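Notes to accompany the following structure.
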C-alpha cells in the first residue's frame, strides 16, 4: 500500500503547520500495517479555524452571494470530486476496510450524488416567501445559521462529510469539518478540491482531532451550530454541551433497525436485499436492519435462506473485488463486536452461523458474519448496536406481535417491511416508530429527509428539511405600500 504522510492541516482554505507535534498513525485494518500519518489538531488549531470561519461569515463574500451563485460553486466542487473516484475509493478501502466494490458506490458514488441532490433542493428552496394575514404582510427569509461545526464518524467518512458540508455551503454558512483520525486520509483529497472549486478563504477548515479537541470545538462561543453523526452516547454528550448555550444542533445517531417479513413475503428476493440492507460495509452502518422479525411458521425457511446469503458473501481482503465482508475498523472495535457475540451466547441466543473469527485469516481485524436465532427483546444483542456483521432473528405468531417487537427499542432510525400486499405493507410501515421505513427493500433516495425517532437523533438530513437545518428564520413586517423585489428570485425553480 502507498504510504500517505501529511504534515499540515487545512485551516481557512490554506495548508498550515499544526500547533502540536502530535501525529496519528493510520493502520490498515486488513494488514495491520501503517499506511499513513497525519497531524492531529490541537485546541489552538480549533481557535484559528473558528476565528477564520467567524470572519468569513461576518464579513466575507460567501453568505452574501445569491443562492444561485453558491449553487454554481458547489456544482463545480461536485464536478472536481467526480474525477477523483479512484483516489477516494482506494484511500477509504485502505484506511477503514470497506470492500472496494462497495466503496465505489457507497463511499464515493453516494457522496458524489449528494452534490447534485442538494443543488437541486437549493434551486427550489424557499429562501424568501411572502405571507399575508388580514392587513398584515410579512417577508419570511431563511438566512444562513452561521459558523457550523460538522463532526463526522469513521465508517462512511465522505458520505457523512458531504451530507453536512454541501447543505451548509449552499445555505451560506462557513464550516469546520472535524474528521475521525482513523479515516482522515480521504479528507486531504477533499480539501484540495475545495480550494480548486474557488470557495473563499476562511469558509472551510478540516481538522482531524481526538475526542477532547472535538468537545472543545463544539463548545466554542463563535460556533452557531453543531451537526454530528455518531454514537448515541456521544450524541447525548454533545446535546448537553450545546444545550448549555442554546446552540443549534442536529444529531444523527445509532440504530437497531428491524425488518418485518410478513407471512406472504417473497423470502428469496427479500433476503437478497439484506446483502446491502443488513450487511454492507461489513455491518458498520447505523441504519442497517439487524433485527429480522419473521413468522414462526416460516422461521426455518428464512434462516436457511439467510445462511445461504451469508455463505455467498466472501470474507477477506477488502481490496479484492470479490470480497463482500471486510475487517472491523480497529482492533478495539473488533473486541467490542466480539463482546456482543459472547453476550448473545451467554444470554441464550443460538448461533447458527459464525460467532467467532475466520480461521483462515491470520491477519486483520475480522469477525465471522453471524446469525443468532432464539433472540428475545430482553437480550443485549436485541437492544444495543453491535456495529458489525451480526444479525438477530426473532419469531412472531401475530402481526401485532411483530410490530411490537420492531418498536421495542430505544432507537428509531430505520426499518423495513416485506410483503406481496403493498397496501397492507404500507399500513404496517405507518405503525413503526422510526424515521425511515423501506418497503420491500426500496430506499428513499437523496432528497427525502433521513433521521431518527427516540434515541436515534434530533433533526433531519437530506432534502429541503436537511438544508433548512442550516438556516435561521426571520420575519419582516412590511408596509402595504412597500414594493419588494425578491432578492433571490434567480435561484427559484
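Values in this text are rule-based calculations from the coordinates and carry no lab data. The shown structure was predicted, so the numbers you read here are calculated from the model rather than taken from an experiment. Note that each Cβ is placed from the backbone with ideal geometry, even for glycine, and that neighbours are counted across all protein chains shown.
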Completion exercise
The Cα extents of the chain along the principal axes, largest first and rounded to whole Å, are 72, 61, 41
Practice task
Restricting things to alpha carbons, tell me how big the range 19-81 is in terms of Rg and Dmax, in Å.
Solution key: 18.1, 48
Problem - Hull volume in cubic angstrom per residue (convex hull over the Cα atoms of the range 154-260) - result: 128 Å³
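According to the square roots a ≥ b ≥ c of the eigenvalues of the Cα gyration tensor, what is the shape class of the range 145-198, taking rounded for a/c under 1.5, prolate for a/b larger than b/c otherwise, and oblate for the remainder?
oblate
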Problem - Stokes-Einstein translational diffusion, the range 257-439 - Kirkwood Rh over all Cα pairs, 1.002 mPa s, 20 °C, in µm²/s - result: 131 µm²/s
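Can you give the direction-averaged projected area of the convex hull of the alpha-carbon atoms in the range 340-493, in nm²? Provide the component values of the computation, followed by the final result.
Values: hull surface 63.4 nm².
Dividing the Cα hull surface by four gives the mean projection, 15.8 nm².
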Practice task
Can you bin the range 309-398 into rounded, prolate or oblate? Criterion: square roots of the alpha carbon gyration tensor eigenvalues sorted a ≥ b ≥ c, rounded for a/c under 1.5, prolate for a/b above b/c, oblate for the rest.
Solution key: prolate
Practice task
Give me the angle, in degrees from 0 to 90, between the Cα long axis of helix 299-311 and the longest principal axis of the Cα atoms of the chain, rounded to the nearest 10.
Solution key: 70 degrees
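How do 325, 176, 405, 458 rank when sorted from fewest to most other Cβ atoms within 10 Å of their own Cβ?
Numbers: 325 25, 176 28, 405 20, 458 16.
The most exposed by this proxy come first: 458, 405, 325, 176.
What percent antiparallel are the DSSP beta bridges of the range 257-439, to the nearest 5? List each step's numbers first, then the result.
Details: 3 of 22 bridges.
Of the beta bridges lying entirely in the range 257-439, close to 15 percent run antiparallel.
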Practice task
Starting with the fewest neighbours, write out 173, 286 ranked by other beta-carbon atoms found within 10 Å of each beta-carbon.
Solution key: 286, 173
Handout entry: the chain: angle of helix 267-277 to the longest principal axis, Cα-based, in degrees nearest 10
Key = 50 degrees
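How much length is gained on full extension from residue 123 to residue 216, taking 0.36 nm per residue of separation minus their Cα-Cα distance?
Stretched out fully, the residue 123 to residue 216 stretch lengthens by 30.0 nm.
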Problem - the chain, helix-only ellipticity at 222 nm - DSSP H runs n ≥ 4, -39,500 (n - 2.57), divided by all residues, nearest 500 - result: -11000 deg cm²/dmol
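Based only on Cα atoms, what Rg/Rh ratio does the range 408-455 have, Rh being taken as Kirkwood's radius?
Reported Rg/Rh (Cα atoms, Kirkwood Rh): 0.97.
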Practice task
Relative to the longest principal axis of the C-alpha atoms of the chain, give the angle of the C-alpha long axis of helix 232-244, reported between 0 and 90° and rounded to the nearest 10°.
Solution key: 30 degrees
Exercise for the section: Using DSSP, restrict attention to beta bridges with both residues in the range 345-493 and report what percent are antiparallel, rounded to the nearest 5. Expected result: 55 percent
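Roughly what % antiparallel, to the nearest 5, for the DSSP beta bridges in the chain?
Working: 30 of 70 bridges.
Percentage antiparallel, nearest 5: 45.
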